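Chemist: I'd like to ask some things about the structure below.
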Amino acid sequence: MTVVESAFKPFRVMAYIVGCMLLALVAAMVVKYGFGNATPVAIIGPLHGFLYAVYLLTALNLGLKARWSWPFTLVVLLAGTIPFLSFVAERKAAQRVLRAQDAAASA
């Protein structure tokens, strides 16, 4: 297992978790403002915040090890703040990592 592969797996897991938690947070906001119940936001909000911090660390770790450009790394880091974008960023990151692995294997 290469260094990039070992950094890619935790990033992939965190991208899915943060994406799902952000969708849950949006649903909790609907409950809060639509039905006047703030309890779901009080639970999901801090949990998403903590998991987003872990996501930032795993994404930065992968970006540094895979030697991504700073603009691409920044987009991946911010992907956990927009619903559904972490899923898109994970797919783009997977394509980059797999392309780099294929290029290294053929060289």
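Where a number appears in this text, it was derived from the coordinates with a stated rule and is not lab data. Quick caveat, the model's predicted, so the values are computed rather than measured. Cβ placement follows ideal geometry from the backbone for every residue including glycine, while neighbour counts extend to all protein chains displayed.
Chemist: When a footprinting reagent is the concern and you count Cβ atoms within 10 Å, what order do Ile44, Ile82 take, fewest first?
Modeler: Ordered by Cβ neighbours within 10 Å, fewest first: Ile82, Ile44.
Chemist: Take Val26 and Phe72, extend 7 Å from each Cα along the Cα→Cβ direction, and tell me the distance between the two endpoints in nm.
Modeler: Label-label distance for Val26 and Phe72, simple model: 2.6 nm.
Chemist: Hand me the trypsin sites (Lys or Arg not before Pro) from the chain located in a DSSP loop with no more than 14 other Cβ atoms within 10 Å, in residue order please.
Modeler: Answer in residue order: Arg67.
Chemist: A follow-up question, please. Taking only Cα atoms, what is the 0 to 90° angle, nearest 10, from helix 39-66's long axis to the longest principal axis of the chain?
Modeler: Once rounded, the angle reads 10 degrees.
Chemist: Choose one answer from Ala28, Ala38, Ala66: the residue with the largest mean-square fluctuation in a GNM of the chain with alpha-carbon springs under 10 Å.
Modeler: Result: Ala38 has the largest fluctuation of those listed.
Chemist: OK, next. Nearest 20 debye, what's the magnitude of the dipole of the chain about its Cα centre given +1 on Lys and Arg Cβ and -1 on Asp and Glu Cβ?
Modeler: Using only the charged Cβ atoms, the result is roughly 140 debye.
Chemist: Counting other Cβ atoms within 10 Å, which chymotrypsin sites (Phe, Trp or Tyr not before Pro) in segment 10-107 have at most 15 and lie in a DSSP loop?
Modeler: For chymotrypsin sites (Phe, Trp or Tyr not before Pro) across segment 10-107 that sit outside H, G, I, E and B with at most 15 neighbouring Cβ atoms in 10 Å, the list reads Phe84.
Chemist: Could you put Ser86, Ser69 in order, starting from the residue whose Cβ has the fewest other Cβ atoms within 10 Å?
Modeler: Taking fewest neighbouring Cβ atoms as first place, the list is Ser69, Ser86.
Chemist: Would you calculate a helix-derived [θ] at 222 nm for the chain, using -39,500 (n - 2.57) for each DSSP H run of n ≥ 4 and dividing by the full residue count, to the nearest 500?
Modeler: Here the helix-only value at 222 nm equals -30000 deg cm²/dmol.
Chemist: Of Val30, Leu47, Phe87, which is farthest towards the positive pole of segment 28-107's charge dipole, taken about the Cα centre with +1 and -1 on the beta-carbons of Lys, Arg and Asp, Glu respectively?
Modeler: Comparing the listed Cα positions along the dipole, Phe87 ranks first.
Chemist: Right, here's the next one. Averaging sequence separations of C-alpha pairs under 8 Å and six or more residues apart, then dividing by the length of segment 3-106, give the relative contact order as a whole percent.
Modeler: 36
Chemist: Here's something else I'd like to know. Working from Cα positions, state the angle (0 to 90°, nearest 10) between the long axis of helix 85-106 and the longest principal axis of the chain.
Modeler: Its long axis makes an angle of about 10 degrees.
Chemist: Of the candidates Pro40, Pro71, Pro83, which one comes out as most mobile in a Gaussian network treatment of the chain with C-alpha springs shorter than 10 Å?
Modeler: Judging by the Gaussian network model, the answer is Pro71.
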